[in-house]
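Have a look at the structure below, then the notes.
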Amino acid sequence: MPLLHEQLTPVFDEVMNRNPGETEFHQAVREVLESLSPVVEQHPEYADAEIIRRLCEPERQIIFRVPWTDDSGRVQLNRGFRVEFNSALGPYKGGLRFHPSVYLGIVKFLGFEQIFKNSLTGLPIGGAKGGSDFDPKGRSEAEVMRFCQSFMLELYRHLGEYTDVPAGDIGVGGREIGYMFGQYKRITNRYESGTFTGKGLTWGGSRVRTEATGYGTVFFVDEMLRAAGDSFEGKRVIVSGSGNVAIYAIEKIHQLGGRVIACSDSGGYIVDEDGVDLSLVKEIKNDRRGRIEEYATVRTSARFVAGGSIWDVPSDIALPCATQNELDEPGATALIRSGCRIVAEGANMPTTPGAIRALREAGVSFAPGKAVNAGGVATSALEMQQNASRDSWTFEHTEERLAVIMSSIHDRCLETADRYGTPGDYVAGANIAGFIRVADAMLALGVI
Ligand code: NDP
């Protein structure tokens with residue numbers, strides 16, 4: 001593990017001691033602190049104002065009980081979370097995740113990442129994240145609706161277009177946002193569209209928001225390729241997951257001339273050398289809420305591998321788009337062996353620290369989620385702009401805005417990496433550029 005700067009070691013020790021057992025949060029903080037040595041050297045004013053220590057402590061953490069009744073009349077119990085991490089740049093902004101693995105450490109790692117990601121977009125949004133250990137899989141529509149309504153009955157009091165604006169994440173898509181926004185509207189008696197993003201197009205949503213994280217991920221990789229004098233044309237690509245981010249990453253890769261030959265869900269992965277048939281994946285995962293395994297029963301060119309590692313499939317480019325820590329050191333070794341040249345994170349923190357080290361030592365170009373997948377939240381901010389002005393932009397205009405934002409995030413990462421003595425290092429560039437904008441705002445706002 002790389003050493004931390006002597007001024008940052010006590011900060012990290014404090015994070016470990018104050019947040020015991022929250023391993024994902026420790027991992028996310030450590031990754032940022034490892035990049036900040038040159039910043040600490042050049043900017044003593046941040047240490048003087050304890051900016052980094054303050055950044056590592058959420059402004060507010062909300063944990064609440066979510067009782068609801070299932071279809072058989074039994075009372076069920078879940079736990080709800082919202083961590084409002086930092087509002088120096090704007091209202092708290094970040095998604096809600098519904099997955100049985102959710103606990104405070106996951107929500108804090110996601111909220112911490114969100115601060116830097118939102119800062120990198122250049123837009124006026126702070127960082128937050130939330131969710132619940134509720135598992136929507138196998139639940140009826142009515143059960144999902146009752147859960148969302150109960151969840152909102154507590155969370156509504158903390159939200160508002162100038163306060164805290166949630167969106168989707170794993171397990172939370174348009175359906176869940178609809179139920180939560182409906183309940184929010186009912187409780188507050190206000191049609192305050194700007195309180196949620198990821199809304200449906202007929203009730204205040206933005207075009208391209210559904211596609212934004214996947215498209216934005218691919219726009220970023222396209223910039224990486226362009227910087228190396230290359231393109232997607234003819235490239236073999238692996239995309240893990242088959243949810244919102246993965247599906248729209250696959251769509252854009254195919255539009256740009258690449259060929260996605262594998263994708264997955266938590267049950268295993270499929271390989272289709274003819275190129276993944278996206279309309280079939282959408283039908284299975286979106287329309288039927290089925291399993292990716294079904295793909296191989298329909299397409300004769302495909303095979304399904306239960307469990308296993310999708311990274312064993314030979315590729316030029318790999319995009320982890322499912323969940324945290326899904327690409328480990330053996331996975332990285334397999335990618336390196338097969339000649340993979342680019343790994344870019346569509347998901348949040350999907351690559352373990354050991355895997356990142358192995359990839360970078362092997363000369364694989366690696367870009368972190370907080371830069372690569374920032375297109376989702378950036379388009380959420382565009383949705384807020386449209387809501388504020390009661391406007392609705394065309395698909396083409398919104399997609400063009402997204403492409404420009406991703407290109408400028410890419411360039412900001414490289415320019416910052418250059419300026420701080422680590423040319424070509426997307427991790428350092430993203431962490432430092434994201435940090436400085438928030439840190440300067442915190443300095444300006446005083447000790448609050
Ligand atoms: P979805 O719920 O739409 O899809 C998640 C996908 O990942 C599914 O294919 C799911 O498979 C798989 N998955 C989830 N948990 C696991 C696990 N423990 N092991 C293996 N596979 C798993 O979520 P999204 O596509 O929205 O999110 C994917 C990632 O992208 C997350 O890290 C999220 O934080 C990040 N992200 C999402 C944004 C967005 O706008 N949606 C914005 C920025 C980042 P299964 O169906 O079997 O569970």
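Within segment 227-253, can you find the residues that are out of contact with any strand residue (DSSP E or B) (no Cβ under 7 Å at 6 or more places or on another chain), open to solvent by 10 Å² or more (accessible area, probe 1.4 Å) and more than 16 Å from the ligand (Cβ to nearest atom)?
Within segment 227-253, 227, 228, 229, 230, 231, 233, 234 meet the criteria.
Starting from segment 271-284, take each residue that is without any contact (Cβ under 8 Å) to a residue 60 or more places away in the chain and list its partners that are of a type in the set (Gly, Ala, Ser), counting only C-beta distances under 6 angstrom and pairs at least six apart or across chains.
Matching pairs, first to second residue: 271/262; 272/301; 272/302; 274/301; 281/242; 284/290.
Take the residues in segment 258-276 that are in a loop (DSSP other than H, G, I, E, B) and among the small types (Gly, Ala, Ser), then tell me which one is nearest to the ligand (Cβ to nearest atom).
266
Being assigned to a loop (DSSP other than H, G, I, E, B) and of a type outside the set (Lys, Arg) is the filter; apply it to segment 376-397 and report the residue that is least open to solvent (accessible area, probe 1.4 Å).
Going through the qualifying residues, I end up with 393.
Conditions (1) farther than 24 Å from residue 348 by Cα; (2) open to solvent by 10 Å² or more (accessible area, probe 1.4 Å); (3) within 13 Å of the ligand (Cβ to nearest atom), marked per residue:
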site: 135; (1), (2), (3): no, yes, yes
site: 140; (1), (2), (3): yes, yes, no
site: 155; (1), (2), (3): no, no, no
site: 166; (1), (2), (3): no, no, yes
site: 175; (1), (2), (3): no, yes, yes
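In segment 415-429, how many residues are crowded, with 19+ Cβ neighbours inside 10 Å and in a helix (DSSP H, G or I)?
6
So which of 318, 347 ends up being within 29 Å of residue 107 (Cα to Cα), within 16 Å of the ligand (Cβ to nearest atom) and in a strand (DSSP E or B)?
318
The values are calculated or read from the model by the stated rules, or taken from the named source; none is laboratory data. These numbers were taken from a predicted model, which means no experiment stands behind them. Please note: Cβ atoms are built from the backbone with ideal geometry, for glycine as well, and neighbour counts cover all protein chains shown. Note: accessible area is taken over every heavy atom of the protein model, side chains too, but ligands, DNA and RNA are not part of it. Shrake-Rupley method; radii C 1.70, N 1.55, O 1.52, S 1.80 Å.
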